[in-house]
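Colleague: Got a structure for you, written out below as structure tokens; questions coming shortly.
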């Protein structure tokens, strides 16, 4: 009996030793696995940090290469129609006033550039000066449209406007369809000209072209019944109404919304100047300088109406 009990005791002891050995092996394996996971995590974290640092360095390098330095001592030749405020007016004594005059004066103040303005009556002549390389910039609060974007480099927009059609307050004309068999005026060379001429063919109305800059003759002809309607911009109509104490009615439909910007030759020199102007113009937009200038002439902060070019369907270089 004692011998049997001894064998049982020895068997239990052996089992206990095996159990302890197994537990130790399991613990060791678990510890090794945990250590391995920690090492992997540490390596992964370190790699991530390095990747992050590399990405930041790449971003910084890209940012540095994208920096635009303002050229010192530059003379910028600006071509403008200069036919009338609010946009641009050059008087008999050569004084330049209007939105573009004040913006370019401020650009000159901030950069130290000499701004040389030349008058070229009409948008065709203004852009022609850029084409002939006699001017660096075309500036007359020109609307951004597809034809101009295709041919020229364009600055960031400095305010937004809309192309509209106005009629007498008591006119029966309510929509574009009501213009059938009517006479509609528009300034020659204005951004709305092509649109209104195309619409005239589609809807059956006659288009009369007016020369000049501010459309006053056209608005007056609407009041006198010589025209049934006139295509213009919201800002130009507001300006005329305020100055003349007259009132016209806007059709609810708009031809389209548009931004206003400066135009440069599609050359390396033109691109370099455009990029520098964009830097200064963006600062002026951000600090409210452009808003004050535009509001002074338009009686409204029309920088709030700026629409991103991509939303207007333009791809700008």
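The values are calculated or read from the model by the stated rules, or taken from the named source; none is laboratory data. Please read all numbers here as calculations on a predicted model, not as lab measurements. Virtual Cβ from ideal backbone geometry, glycine too; neighbours counted across all protein chains shown.
Colleague: Within the range 252-305, which residues are farther than 26 Å from residue 77 by Cα, in a loop (DSSP other than H, G, I, E, B) and touching a strand residue (DSSP E or B) at 6+ places or on another chain (Cβ under 9 Å)?
Modeller: Scanning the range 252-305 gives 253, 254, 255, 301.
Colleague: Scan (1) within 16 Å of residue 227 (Cβ to Cβ); (2) out of contact with any strand residue (DSSP E or B) (no Cβ under 7 Å at 6 or more places or on another chain); (3) surrounded by fewer than 22 Cβ atoms within 10 Å (Cβ to Cβ) for the single condition residue 149 breaks and write down its number.
Modeller: Looking at each condition in turn, residue 149 falls short on (1).
Colleague: Looking at the range 128-138, can you tell me whether even one residue there is crowded, with 19+ Cβ neighbours inside 10 Å, touching a residue at least 60 places away in the same chain (Cβ under 8 Å), touching a helix residue (DSSP H, G or I) at 6+ places or on another chain (Cβ under 9 Å) and more than 24 Å from residue 259 (Cα to Cα)?
Modeller: no
Colleague: Kindly check whether there is at least one residue in the range 192-199 that is farther than 21 Å from residue 83 by Cα, without any contact (Cβ under 8 Å) to a residue 12 or more places away in the chain, under 32 Å from the mean Cα position of the chain (by Cα) and surrounded by fewer than 16 Cβ atoms within 10 Å (Cβ to Cβ).
Modeller: Scanning the range 192-199, I find at least one residue that is farther than 21 Å from residue 83 by Cα, without any contact (Cβ under 8 Å) to a residue 12 or more places away in the chain, under 32 Å from the mean Cα position of the chain (by Cα) and surrounded by fewer than 16 Cβ atoms within 10 Å (Cβ to Cβ), so the answer is yes.
For (1) on the phi > 0 side of the Ramachandran plot; (2) in a helix (DSSP H, G or I); (3) at pLDDT 85 or above, each residue gets a yes or a no:
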site	(1), (2), (3)
34	no, yes, no
43	no, yes, no
47	no, yes, no
51	no, yes, no
62	no, yes, no
73	yes, no, yes
77	no, no, yes
103	no, yes, yes
108	no, yes, yes
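Colleague: Also: I'd like the full set of residues that are assigned to a loop (DSSP other than H, G, I, E, B) and loosely packed, with under 15 Cβ neighbours inside 10 Å, limited to the range 211-245. Break it down into steps so the answer makes sense when it comes.
Modeller: Initially, the range 211-245 is screened for residues assigned to a loop (DSSP other than H, G, I, E, B), giving 211-215, 225-228, 245.
Those that are assigned to a loop (DSSP other than H, G, I, E, B) and loosely packed, with under 15 Cβ neighbours inside 10 Å: 211, 225, 226, 245.
Colleague: Go through (1) without any contact (Cβ under 8 Å) to a residue 60 or more places away in the chain; (2) closer than 30 Å to residue 224 by Cα one by one and return the number of the condition residue 142 breaks.
Modeller: Of the numbered conditions (1) without any contact (Cβ under 8 Å) to a residue 60 or more places away in the chain; (2) closer than 30 Å to residue 224 by Cα, the odd one out for residue 142 is (1).
Colleague: Now for a different question. Any idea which of (1) crowded, with 19+ Cβ neighbours inside 10 Å; (2) at pLDDT below 95 is the one residue 157 doesn't satisfy?
Modeller: Here residue 157 clears every test but (2).
Colleague: Within the range 256-278, is even one residue closer than 23 Å to residue 121 by Cα, out of contact with any helix residue (DSSP H, G or I) (no Cβ under 8 Å at 6 or more places or on another chain) and modelled with pLDDT under 95?
Modeller: No, the range 256-278 contains no residue that is closer than 23 Å to residue 121 by Cα, out of contact with any helix residue (DSSP H, G or I) (no Cβ under 8 Å at 6 or more places or on another chain) and modelled with pLDDT under 95.
Colleague: If a residue must be in a helix (DSSP H, G or I) and either touching a helix residue (DSSP H, G or I) at 6+ places or on another chain (Cβ under 7 Å) or closer than 12 Å to residue 259 by Cβ (or both), how many such residues does the range 143-162 contain?
Modeller: Residues flagged as in a helix (DSSP H, G or I) and either touching a helix residue (DSSP H, G or I) at 6+ places or on another chain (Cβ under 7 Å) or closer than 12 Å to residue 259 by Cβ (or both) within the range 143-162 amount to 2.
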